[in-house]
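Written below as structure tokens is the structure these notes are about.
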Amino acid sequence: MSFANDGQRSPDPGVSLPLSDMTGQEPVEIALSAEDEAELDAIMDQLRSIGDTVDPPPPIAYELARAAFETRNLDDELAILTADSDVDELELVRSVQVEPRMVSFETATVSVELQLDHDDDLITVRGLVIGAVGQVLLETGHQRITAKLDERGWFVVTNLRGGALRLRLLGVDGGNVTTEWITT
């Protein structure tokens, strides 16, 4: 990359990049040669590597980014968290975590009860859905697992990794319900 004495890049043929002169004026176009562009890419790769080493994003950032992507299903009805044994007032009295964790979600017509059992780093989810028939899609930041509801509304999903978790009910009538995200 070549620079003139005044700090401006020399006008090389090739790729144009908009650059502002920091005075509030309109951006100016500067042409980069293929050689300069390759050098700029190498510098950016080094800066990314330094950033990842010195201050990497927390793992939950990737899970939340994936979760944000899933907002494309805005037609789904949102099931609201109504009960969670991890934050139940009675269990806050003791510092011991009670297994299994029980979580409940509800809409006007559908109720979802989940039991989360931890076994080392893996989680088993047992669920009961009342008011809907179809399939269940359990989503984490790492996995998407489909399970069919049995005739009584029960399902089981095993070997899930911990982290953010939500459930999507894919109703046979086309009505879908999505729970809020919870952290396991």
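Taken together, the values in this text are just the output of simple stated rules run on the coordinates, not laboratory data. No experiment lies behind these values; they were computed from the predicted model shown. No Cβ is skipped: glycine too gets one built from the backbone with ideal geometry, and neighbour counts run over all protein chains shown.
Worth pointing out:
- Sorting the segments 59-68, 162-171, 101-110 by their mean number of nearby beta carbons within 10 angstrom, highest to lowest, gives 162-171, 101-110, 59-68.
- J(HN,Hα) series, the range 134-150, from Karplus relation 6.51 cos²θ - 1.76 cosθ + 1.60, nearest Hz, glycine and proline x: x, 10, 10, 10, 8, 10, 10, x, 10, 9, 9, 10, 9, 9, 8, 6, 7
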